[in-house]
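A short write-up of the structure that comes next.
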């Protein structure tokens, strides 16, 4: 009877989506979630990482390790971006940190950009993933961040990726596109144009 | 013909020149109506106030999250002529293959999803077993891919920035 009550009590705080995990993995992930919640970190990214692991049929220990690592990185990102950072900013900050951006770059971005940092941080991570050296990517994003809109940053990434696909060295492609700043000013939506679904 | 018209005109003029007979008590009634205080039109103001509140709520929509208001429509496409089924799974649908099944036309699989601003990991699940990244989007790099299956990433920015 007492055991049943304890089990019920333990289940009360568990997100029902985590029922896709095996009981042991679920319990460990729930512990990580509780710790994150206790220090004010967003838990939804952690839940999604656990669900990704479950859908990809990853072993329980690997899922727990991924969730723990993400929780720790969210904490580092918050230290760099400040306690006011939103959950999407923190997730993008984690991606930028894992791509090799120093914490100081994140803090600098916070100081120079008025808009939310999610797109700028993602651009940094995506440029590095495209082969751009981390320091070049950071310099480019810091140069663009003060004035570029989110749509401009998306267009910038696509332009760099196009240049790389055409054979340009990643670092050089980034530098050229940063210097040709006029290219990023024309990415806004056309007035009166019909809204169409975007592509990733 | 002109004589007839002149006759009509003369009759109209005579009619207009007739003195107007006004009731002698009219002035007194007008002054009394002005002096009497009008009761407030209670029936109208509550409705006007309610309408104003309703319009404010419709414009403000406090029940909708701002992220929902900024949600953008994204189309995901995968060319897989040999596939029998393709599902889109990611951070936006709890990685549940049943939530976003893709439709095909001549081997081109597509689906449309509403996404609020944020950074999302996602992948295509082909035939319920084969994982594919989106060839038209940035791929999750190896150090960030803990599960050994390819994934892509899409970032949704704010509309106002």
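Computed from the Cβ-Cβ distance with R0 of 30 Å, the FRET efficiency linking residue A:72 to residue B:99 stands at 0.55. Under 16 Å from a label point set 7 Å out along the Cα-to-Cβ vector of residue A:147, the amide N atoms of segment A:88-122 belong to A:112-115. Could you give the angle, 0 to 90 degrees to the nearest 10, between helix A:2-12's Cα long axis and the longest principal axis of the Cα atoms of chain A? Tilt of helix A:2-12: around 20 degrees.
The stretch between residue A:198 and residue A:83 holds 38.2 nm of extra length on full extension. This uses 0.36 nm per residue minus the Cα-Cα distance. Spacing of the modelled spin labels on residue B:129 and residue A:39, each 7 Å from Cα toward Cβ, amounts to 4.2 nm.
Going from the residue with the fewest nearby Cβ atoms within 10 Å to the one with the most, A:76, B:77 rank A:76, B:77. For the pair residue A:62 and residue A:158, label points projected 7 Å from Cα toward Cβ lie 3.4 nm apart. Once the Cα atoms are used to define both axes, helix A:44-55 deviates from the longest principal axis of chain A by about 80 degrees. With respect to chain A, whose longest principal axis is taken over its alpha-carbon atoms, helix A:134-144 is tilted by about 70°.
Sorting A:52, A:91 by the number of Cβ atoms found within 10 Å of their own Cβ, with the fewest placed first, yields A:52, A:91.
Per residue of B:129-139, other chain Cβ atoms within 10 Å of the residue Cβ number 2 on average. When chain A is treated as a Gaussian network with alpha carbon springs shorter than 10 Å, the biggest mean-square fluctuation among A:33, A:166, A:117 belongs to A:166.
Sorted ascending by nearby beta carbons within 10 Å, beginning with the fewest, A:106, A:121 become A:106, A:121. Express in whole angstrom the spacing between the alpha-carbon centres of segment A:62-91 and segment B:101-147. So the two Cα centres are separated by 23 Å. Among the residues of B:145-155, the average count of other protein chain beta-carbon atoms within 10 Å of the residue beta-carbon is 6.
Read-outs throughout are calculated quantities, based only on the coordinates presented, and are distinct from any laboratory measurement. The structure presented is a predicted model; accordingly, all values stated were derived computationally and were not measured. Heads up, the Cβs are rebuilt from the backbone with ideal geometry, glycines too, and the neighbour counts pull from every protein chain shown.
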